[in-house]
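Working notes for the structure below.
The values are calculated or read from the model by the stated rules, or taken from the named source; none is laboratory data. Just so it is clear, the model here is predicted, and its values are computed rather than measured. Cβ coordinates were reconstructed from backbone atoms using ideal geometry, including for glycine residues, and neighbour counts include every protein chain displayed.
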Amino acid sequence: MREYLLVFLIAASATYLLTVIAREIAVRTGAVARVRDRDVHAEPVPYLGGLAMLGGLVSAYLVARELPWLSTHGGPFVFHDARIVLIAGAMICAIGTLDDLFELDALTKLGGQVLAAGFLILNGIQYMYFPSGGGGQFSLDPAQGALLTAFVVVGTMNAVNMVDGLDGLATGVVGIGALAFFVFCYQLTSLNNASLASTGALLSAMLAGACAGFLPHNINPARLFMGDSGSMLIGLVLSASAITLTGQYSGADLAHGAMGTPASLAPTFLPLALPITLLVVPIADLVLAVIRRTRAGRSPFAPDKQHLHHRLLEIGHSQRRAVVIMWMWAALVAGSTVAISLYTGPVMWSVIAVATALTVTLTFVLPTVRPPHLRASPEGG
């Protein structure tokens, strides 16, 4: 655990320091977010935060290779798979950087996303096993695994990109998801009496650190945006870290609960669904946006100002409070999924119920409770 903590701190520190360089590059190259009708920032803000995050991930990876416990217990597959994910991340970060500079069309970006996902698949990072009832497993054939992998990776990148609409929102959501997935990986290996070193745990610790290091520069009022270079990068790394787990543990291992006995059929599939549930907030936003735009006869890629974060602003939340609310929803879903996948009992369900009630209350009741001096007059003044 101490070496994972060090990896987290290295990623956070390197990202925090490299944001200064990324911001200077963005200003010099003109990669700046202009103020548009659908945006909530009032001043132009530089892009290219993804370059700093990529630097933080690479720095943490290089340090992790030299740490005695990880290098001894991780085995060659841990660092090999992590290296493949980082190379794919560098590929998509380059595509995102070009988009931040020249505003690529949606089809070109999609082609870059498919290319990065294909690189992962060609190097063995893809879904392999599905748990089945009774603690067994069934394997996917290579074509099925490749299609599912490409769908999850590309979908996650676009979901993160779409939720990146408020200062610090996507950074926090992905950071929370990465922390939750680290807990899942670490506990899963412990419960199965396996080595605590896994690619999923390493990548999620690195990703959580990169998000933590970038957040001080990205929280409202943001001094730097991650841009497409960052949103697609962290989306790829999060989804790929989850996918690596199915290649390193069999379906039977994933199907065993906290007591070491086969879980029921519903909890059995929860670990497999973890990559989706960790990002349920941005994925829900993505699905709703596609439905909304296609019903209106518009392209699903056409931008608008009706995302979930825009709705929170409309009902009375400030920018910072809207971001915190969406962080809470992300933490609720991710934390509940991890807890249900690993544990059981009334205490767990009670904690989830209390957290749900608190999140719902803060989301819908808080905007209606205002001090008298902040309430609008009947004339709307």
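Things to note:
- Qualifying position, being within 17 Å of the chain's Cα centre (by Cα), over 11 Å from L169 (Cβ atoms) and either modelled with pLDDT of 75 or more or outside any helix (DSSP H, G or I) (or both), among S336, S350: S336
- Given (1) at pLDDT 60 or above; (2) closer than 27 Å to F77 by Cα, index of the condition P221 fails: (2)
- Top-ranked residue in the range 122-138 [being more than 21 Å from I84 (Cβ to Cβ) and polar (S, T, N, Q); ranked as modelled with the lowest pLDDT]: S132
- Test for S59: is it modelled with pLDDT under 85, at negative phi, surrounded by 13 or more Cβ atoms within 10 Å (Cβ to Cβ) and not in a loop (DSSP other than H, G, I, E, B): no
- Cross-chain or 6+ apart pairs with Cβ under 8 Å, the range 146-159 first and over 17 Å from L245 (Cα atoms) and touching a residue at least 24 places away in the same chain (Cβ under 8 Å), then among the β-branched types (V, I, T) and surrounded by fewer than 23 Cβ atoms within 10 Å (Cβ to Cβ): V154/V114; G155/I283; A159/I283
- On inspection, G260 passes the criterion of being among the small types (G, A, S), assigned to a loop (DSSP other than H, G, I, E, B), on the phi > 0 side of the Ramachandran plot and at pLDDT below 75.
- In the range 314-349, residue surrounded by the most Cβ atoms within 10 Å (Cβ to Cβ) [restricted to those that are hydroxyl-bearing (S, T, Y) and farther than 29 Å from L166 by Cα]: S341
- Qualifying positions in the range 211-223 - assigned to a helix (DSSP H, G or I) and farther than 11 Å from L9 by Cβ: C211, F214, L215, P216, H217, N218
- Residue in the range 290-311 that is at pLDDT 80 or above and among the hydroxyl-bearing types (S, T, Y) present: yes
- Hits in the range 99-130 - residues which are surrounded by fewer than 16 Cβ atoms within 10 Å (Cβ to Cβ), more than 22 Å from A242 (Cβ to Cβ) and among the hydrophobic types (A, V, I, L, M, F, W, C): F102, A106, L107
- Residue within the range 68-82 that is of a type outside the set (G, A, S), under 22 Å from G213 (Cα atoms) and surrounded by fewer than 23 Cβ atoms within 10 Å (Cβ to Cβ) present: no
- Note on the range 3-56: among residues that are outside any helix (DSSP H, G or I) and crowded, with 24+ Cβ neighbours inside 10 Å, the one that is modelled with the highest pLDDT is L48.
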